[in-house]
1. How many of the residues in segment A:119-158 are of a type in the set (D, E, K, R) and not in a helix (DSSP H, G or I)?
2. Residues of segment B:1-48 being more than 12 Å from the ligand (Cβ to nearest atom), touching a helix residue (DSSP H, G or I) at 6+ places or on another chain (Cβ under 8 Å), open to solvent by 60 Å² or more (accessible area, probe 1.4 Å) and without any contact (Cβ under 8 Å) to a residue 12 or more places away in the chain, which ones?
3. Tally time: how many residues in segment B:1-25 are among the hydrophobic types (A, V, I, L, M, F, W, C) and in a loop (DSSP other than H, G, I, E, B)?
4. Limited to segment B:51-72, what total is found for residues that are closer than 24 Å to A:D142 by Cα and open to solvent by 50 Å² or more (accessible area, probe 1.4 Å)?
5. Is there a residue being more than 16 Å from the ligand (Cβ to nearest atom) and closer than 15 Å to A:R170 by Cβ anywhere in segment B:49-63?
6. Inspect all residues belonging to segment A:22-30 and state whether any of them is within 11 Å of another protein chain (Cβ to nearest Cβ) and of a type in the set (K, R).
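The values are calculated or read from the model by the stated rules, or taken from the named source; none is laboratory data. Just so we're clear, the structure is a prediction, and the values are computed from it rather than from any experiment. Cβ placement follows ideal geometry from the backbone for every residue including glycine, while neighbour counts extend to all protein chains displayed. The accessibility values were calculated without ligands, DNA or RNA, using every heavy atom of the protein model including side chains. Shrake-Rupley method; radii C 1.70, N 1.55, O 1.52, S 1.80 Å.
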Amino acid sequence: MEEQTLIRLCQAGDPNAFETLLANYEKIIYNLAFKYFGNHHDASDVGQEAMVRIYQKIKDFNGNSSFKTWLYRVVVNLCMDELRRRKNQSHSLDELKEQGFEPATAYDSPEEAAELSEKSAMIQEILQMLPDEQRTILILKDIEGLEYTEIAYVLGCNMGTVKSRLSRAREAFRKKLATQPRFNILAEGRVQV
Amino acid sequence: MKCSTVYKYLTTEWEPSVALDEEVQNHLAGCSLCRAEQTQIEGAFTLLSSMPQVEPTAEFRAGWRNRVREEAAKATVVPEKRLKWNSWLKPAYSLAFLFIAVVAVIGYQNSVHAPKNEALHMAEKGPAVSQEQTMVLRSAAVDVTDTADTALYELKLVEVGPRSRDVQRIIRNFRSSHEEGIVFSHKAKNEEWTLFRDLSFEDAERLRKELEGLGARVEVKPLTR
Ligand SMILES: [Zn+2]
């Protein structure tokens, strides 16, 4: 069935059509959440929440963007909300730490931890250090490879803002990268100007 | 061409897939500083763009489908068919968790000036220790603005009772309606905690009553910190 037909069925409230349609995007949605949170536990929780949100909101999709870009918009907003919500709770973290708790790396198994190569783990680590806004723009542009116009739609801002945010984010990323001793090793073999 | 112009071009316009502007190329040929900058920019970009995709977990694949079906059922007033321990259980634990789970909810209530909904809550889940039909729920409140005034209590679900699926559903709904938050692990204790917001003592009490209404056996006792 064509995507547009499926979308129309979803908008009429057909859950089977929704499952068929979103099965094509589940990996993208999961990976987007994974880039934000850096672990499977959160990617699964936020990803599931995103699916429910998409189900509730699909009626609002009006074809002004591609469906995929619209999905990015919903998922990115959800991830940003979640990050903000967590930030508001941060005053309790010290208390937890006093009790011996540490933020979970949340790899469910050694196999999962090993799934991320050293390189990915390092990128993920640096992304987690960046402000949410910068992390978002790097995920959308440099990792996911969206176009400037698509990013402007996802973030609800103009192209100028996208570009200036991107250059700030890239600079911040490079600064963090430069402090990683591992980067020099990883960079070897790459330099081929 | 000035170094600053080249830098701006490299950081805003250029991407490794884009051929370099000829003027910039000429500048780079004679300026080692900008060349070093370009190499670094390219390195960072290559790293980001080559980041591999991860495979979604089975928990996610099954979980979102279940949740969407539940949403659909809500809308059509058809009774819920599939009830699963999904989002709050890690796949490795889920089988065992059908028999036993440890959940703790900890929160604090602020006095006077802080709004009531600033209560923070944590839920704990740990791995199964036996196959008994037992589940422990602990609920506690901590006033972090005045630690001298700390109050903690434990809500323990001793027996799931005959309607374990409904009990599971109630607990899952409880967690989702109170927005499951950050996950913390305590390696020494082999426990995991999740932080919640907007949870009051009344909410925890309501949970107790709901569980008892399903025939579960619940014990509540105060704890000291
Ligand atoms: Zn120069």
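1. Residues meeting the conditions: 2.
2. B:Q40, the sole residue that qualifies.
3. 5
4. Total satisfying the criteria: 3.
5. For segment B:49-63, residues more than 16 Å from the ligand (Cβ to nearest atom) and closer than 15 Å to A:R170 by Cβ: present.
6. yes
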